[in-house]
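Only the coordinates and a few stated rules stand behind these numbers; no lab work does. All values reported here derive from a predicted model rather than from experimental measurement. Positions of Cβ are generated from backbone atoms using ideal geometry, with glycine treated the same way; all protein chains shown enter the neighbour counts.
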Amino acid sequence: MSYTVVTTKVDPKLKKEAMATAESLGISLSMVIKGFLREFIRTKTITFREQDEIPNEHTQKLLLQAEKDLKDGKASPVFDDVEDAIAWLHRDK
């Protein structure tokens, strides 16, 4: 089996803590990351706890605006099938 390298930037403290946690479980950090990638592929979902990632001020403003737009009915429509979506794109504006 051949492998490829995935490079990502993380806080050095986060990496150190993750490596220590993996080691305490008797596995490598590489094994942990591969497991997360497999789960991501299988479930097509990503789960973050709220305190894990705090959006910056700009992103927070965008999220608040998106929530307001959704409440005001200004969100993109939802379609049951691709034909409905294509028809919506071609409708007279």
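Kindly establish whether Val32 is β-branched (Val, Ile, Thr) and in contact with a helix residue (DSSP H, G or I) (Cβ under 8 Å, 6 or more places away or on another chain). Yes.
Would you mention how many residues in segment 1-35 are surrounded by fewer than 11 Cβ atoms within 10 Å (Cβ to Cβ) and within 20 Å of the chain's Cα centre (by Cα)? Summing the residues that are surrounded by fewer than 11 Cβ atoms within 10 Å (Cβ to Cβ) and within 20 Å of the chain's Cα centre (by Cα) in segment 1-35 gives 7. Among the residues making up segment 37-69, those that are over 12 Å from the mean Cα position of the chain (by Cα), surrounded by 11 or more Cβ atoms within 10 Å (Cβ to Cβ) and not aliphatic (A, V, I, L, M) are Glu39, Thr59, Gln60, Lys61, Gln65, Glu67, Asp69.
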